[in-house]
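The values are calculated or read from the model by the stated rules, or taken from the named source; none is laboratory data. Note that the structure is a prediction, hence the values are computed from the model and not measured. Here the Cβ positions follow ideal geometry from the backbone for every residue, glycine too, while neighbour counts run over all protein chains shown. For the accessible areas, the whole protein counts, side chains as well, though only heavy atoms, and no ligand, DNA or RNA atoms are used. Shrake-Rupley method; radii C 1.70, N 1.55, O 1.52, S 1.80 Å.
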Amino acid sequence: MPVLTNSPGAPLHPDAILDALDPEQREVALALAGPVCVLAGAGTGKTRAITHRIAYGVRTGAYPPTSVLAVTFTARAAGEMRTRLRELGVAGVQARTFHAAALRQLGYFWPRVVGGAPPQILEHKAPAVAEAARRIGASVDRVAVRDLSSEVEWAKVSLVTAEDYVKAAAADDRPAPSGFDHQTVARLVAAYEDVKTERGVIDFEDVLLMLADMLGSHPHIGDQVRSQYRHFVVDEFQDVSPLQHFLLDQWLGGRKELCVVGDPSQTIYSFTGATPHYLLDFTRTYRDAQVVRLVRDYRSTPQVVHLANDVLRRGRVTGALELVAQRPAGPPVSFTTYDDDEAEAAGIAARAARLVADGVRPSEIAVLYRTNAQSAAFESALSDAGVSYQVRGGARFFQRRDVRDAVVLLRGAARSSDPDQPMPEQVRDVLLSAGWAEKPPAARGATRERWEAMQALVGLADDLAAAASEDAPATLQGLVDELAERASAQHAPTVDGVTLASLHAAKGLEWDAVFLAGMNEGLMPISLAETDEGVAEERRLLYVGITRAREHLDISYARSRNPGGRATRKRTRFLDGIWPDDGRGRGRTGTGRAQRGQARAQLTGHANVELFDALREWRLSVARETDKPAYTVLGDATLAAIAELRPTSTAQLARINGIGPAKIDRYGPTLITLVESAAERD
């Protein structure tokens, strides 16, 4: 992909903005008048396209920067959008989440419309839901309160009132939460609203609902907002809920200056009320809409892209885009079967440690799983392997006490900083008293986590200094201001540890190496997915997981839950016809020719097919001699890697997944001979 060469933050000539884009992204940037629908596959540079569109519109004078409101779904995405616009030399554009934008406007207009300060916002629904349950005589425990809170939230974002809940839940084929019938939930929804009213508080959904009502029922307020914001950009449009769309309609006020960006294949939040309906029907709503498709994948290797496309193709996913890989070939996708969950966690930890030893930064590695309960095994295994990690979804970075204390120290130091001392050096001097050191501590747990948090601040300081110009060098006050902005947006700097995250939490992120763990029936798709729609969403969730990987992708499952347990688990149905034959898979019996074709399915255009077949013949002979299943010698993924990388030394062999020291000692010379023989034939 073309890159910009101007200094960071400097205003760019419009032509330079366009020169940095591929043809389809350029088409997006030139589509300055709405309505515009950008269908953007994973890794295709959608954020780049829409930020350059905004920058191009501003630089050409098509619209003032303060007339643009760009909304997205996470504070991280909004922060990234603001950063990119700043790098393009564009200031004044509002890039916020739906809730942040709505809260800002509601806080501004509330004193004029209602009087006084806006009501306090409930951070968590649980206490109010528990009180509502008590009032209607429903017996609830902590788990039931959590489930009922989620159901209340679904009703509100779906614009479903207590009076309409029973009919809406039945129409949506929605299971009753925690065993309560729909009528009881409807009564609870009504009681929950009464509790909030009596306490004088509102929830996050009320922020959007109240602002939308204010804009619609007070014409002078609506006109003021619409005169300010005349151009709208909505990212992740496939995740818009009815409530968010209702607010968007009020912002637009019947106008068409709207650019939406989304991917139907990444719709994974329908349980929260999100729906791809608005994206899929955009051209029906706006008959004159310009549609641009971004399919050039700049993130992942052809091997990863091929798998992602294959998973969607086999599921006949509605609106799926066929990605076209732009990166050079990488290692084959690895498919690994373990005996039990403990072995899977240990195996993944060992492979992660090997990647780190080969130079991959821990922060560029992720272990993704279907449920948060799976994280404990990987935390333990990574600790045993001496690999640092962070659990995404834990305590927010800026809410950690050690981080808050460090920011206070930096703020104090900024008041009397030495202008002649480079900012990164000042930061290191300050953080020495907050638990930072040049080298990480040998200790694990809280001590290591504190050091990693401080190291993330040091890394941010280095990044800001590197991006600054000679005329305007980075300052300690500038870092403090950046941290304040990031804290308000929850845009945390990167902590250098392997990321452990659920597949849902991984949306919008990417890593050099990704391990997809627990890919067996019951977890993928999860057993709760009982409808066709639910199973289809689980397939899309797997697609999201696959497309998080840039280069290394390892997919695994365990045959049993506990060591020594019965091997009753089956791998996920979503990989039927894709998973290499291991002698035990579902639907893998058949002729040798059919099995060979299934094994070859994972090869790339860079692999030597004749060498691959020769390796399989050799493996079969070894299996017969030792009276063991062929997969215990070497797996198909490992043979495919050998056929592609063609190692000519034991050191090169050691870098391939699936070959440990023992197998190198046993088979290494023979494998190298087979590779050399194939090279001579070429």
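Remarks
- Qualifying residue in segment 64-81 (condition: touching a residue at least 60 places away in the same chain (Cβ under 8 Å), within 30 Å of Ile268 (Cβ to Cβ) and in a loop (DSSP other than H, G, I, E, B)): yes
- Residue match in segment 158-179 (condition: touching a Ser or Thr at 6+ places or on another chain (Cβ under 7 Å) and of a type in the set (Asp, Glu)): yes
- Hits in segment 313-336 (condition: on the phi > 0 side of the Ramachandran plot and touching a residue at least 24 places away in the same chain (Cβ under 8 Å)): Gly319
- With respect to (1) open to solvent by 30 Å² or more (accessible area, probe 1.4 Å); (2) modelled with pLDDT under 85; (3) under 27 Å from Glu521 (Cβ atoms), the lone exception for Arg314 is condition (2).
- The set of residues from segment 14-67 being within 27 Å of Arg548 (Cβ to Cβ), hydroxyl-bearing (Ser, Thr, Tyr) and surrounded by 20 or more Cβ atoms within 10 Å (Cβ to Cβ) comprises Thr44, Thr51.
- Positions within segment 100-112 being out of contact with any helix residue (DSSP H, G or I) (no Cβ under 6 Å at 6 or more places or on another chain) and either in contact (Cβ under 8 Å) with a residue 24 or more places away in the chain or among the hydrophobic types (A, V, I, L, M, F, W, C) (or both), in sequence order: Ala100, Ala101, Trp110, Arg112
- Ser363 vs. criteria out of contact with any helix residue (DSSP H, G or I) (no Cβ under 7 Å at 6 or more places or on another chain) and either under 27 Å from Arg539 (Cβ atoms) or at pLDDT below 85 (or both): no
- Residues that are modelled with pLDDT of 90 or more and part of a strand (DSSP E or B), drawn from segment 524-558: Ala549, Arg550, Glu551, His552, Leu553, Asp554, Ile555, Ser556, Tyr557, Ala558
- Every test in (1) out of contact with any helix residue (DSSP H, G or I) (no Cβ under 9 Å at 6 or more places or on another chain); (2) assigned to a helix (DSSP H, G or I); (3) within 30 Å of Ala191 (Cβ to Cβ) is passed by Gly137 save one, and that test is (2).
- Tally, over segment 206-219, of residues that are surrounded by fewer than 17 Cβ atoms within 10 Å (Cβ to Cβ) and either of a type outside the set (S, T, N, Q) or farther than 16 Å from Val114 by Cβ (or both): 4
- The selection criterion, being within 30 Å of Lys46 (Cα to Cα), open to solvent by 30 Å² or more (accessible area, probe 1.4 Å) and modelled with pLDDT of 90 or more, does not hold for Gly319.
- No other residue among Arg314, Arg327 is assigned to a helix (DSSP H, G or I), within 21 Å of Ala640 (Cβ to Cβ) and charged (D, E, K, R) apart from Arg314.
- Selection within segment 357-382 - without any contact (Cβ under 8 Å) to a residue 60 or more places away in the chain and either under 20 Å from Arg655 (Cα atoms) or surrounded by 19 or more Cβ atoms within 10 Å (Cβ to Cβ) (or both): Ala357, Gly359, Ala377, Ala381
- Residue under evaluation Leu503, criteria (1) open to solvent by less than 10 Å² (accessible area, probe 1.4 Å); (2) of a type outside the set (Val, Ile, Thr); (3) under 22 Å from Ala346 (Cβ atoms); (4) out of contact with any helix residue (DSSP H, G or I) (no Cβ under 6 Å at 6 or more places or on another chain), criterion not met: (4)
- The set of residues in segment 82-122 being open to solvent by 50 Å² or more (accessible area, probe 1.4 Å), farther than 20 Å from Leu208 by Cβ and not in a loop (DSSP other than H, G, I, E, B) consists of Arg82, Arg84, Arg86, Glu87.
- Residue, most open to solvent (accessible area, probe 1.4 Å), within segment 263-292, restricted to residues that are β-branched (Val, Ile, Thr) and either touching a residue at least 60 places away in the same chain (Cβ under 8 Å) or assigned to a helix (DSSP H, G or I) (or both): Thr285
- When Ala162, Ala155, Ala171, Ala186 are checked against the criterion of being modelled with pLDDT under 90, within 26 Å of Asp239 (Cα to Cα) and either surrounded by 18 or more Cβ atoms within 10 Å (Cβ to Cβ) or not charged (D, E, K, R) (or both), a single residue qualifies: Ala171.
- Sub-7 Å Cβ pairs linking a first residue in segment 164-190 that is free of Cβ contacts under 8 Å to residues at least 60 places away in the same chain to a second residue that is open to solvent by 80 Å² or more (accessible area, probe 1.4 Å), at least 6 apart or interchain, are Val166/Gln183, ordered by first then second residue.
- Residue match in segment 25-36 (condition: of a type in the set (S, T, N, Q), farther than 22 Å from Arg296 by Cβ and modelled with pLDDT of 90 or more): no
- Restricting segment 79-116 to residues that are of a type in the set (A, V, I, L, M) and under 30 Å from Leu148 (Cβ atoms) leaves a set whose member that is modelled with the lowest pLDDT is Val114.
- Selected residue (only one of Asp297, Asp310, Asp339 is more than 23 Å from Lys507 (Cβ to Cβ) and either of a type outside the set (Asp, Glu) or in contact (Cβ under 8 Å) with a residue 60 or more places away in the chain (or both)): Asp339
- Within segment 402-427, tally of residues that are open to solvent by 80 Å² or more (accessible area, probe 1.4 Å) and over 19 Å from Ala437 (Cβ atoms): 7
- Among residues of segment 216-239 that are under 16 Å from Ile54 (Cβ atoms) and part of a strand (DSSP E or B), those with a Cβ under 6 angstrom from a residue that is of a type outside the set (Val, Ile, Thr) and open to solvent by 30 Å² or more (accessible area, probe 1.4 Å), sequence gap 6+ or separate chain, pair up as His231/Glu257.
- Output for segment 342-355, where each listed residue is without any contact (Cβ under 8 Å) to a residue 60 or more places away in the chain and either surrounded by 17 or more Cβ atoms within 10 Å (Cβ to Cβ) or in a loop (DSSP other than H, G, I, E, B) (or both): Ala346, Ala349, Ala353
- With respect to the conditions (1) open to solvent by less than 40 Å² (accessible area, probe 1.4 Å); (2) of a type in the set (Lys, Arg); (3) in contact with a strand residue (DSSP E or B) (Cβ under 8 Å, 6 or more places away or on another chain), Lys125 lacks only one, and its number is (3).
- Filtering segment 220-257 to residues that are small (Gly, Ala, Ser), open to solvent by less than 50 Å² (accessible area, probe 1.4 Å) and over 23 Å from the mean Cα position of the chain (by Cα) leaves Gly222, Gly253.
- Only listed residue being in contact with a Leu (Cβ under 7 Å, 6 or more places away or on another chain) and either among the aromatic types (Phe, Trp, Tyr) or surrounded by fewer than 19 Cβ atoms within 10 Å (Cβ to Cβ) (or both), chosen from Val260, Val295: Val295
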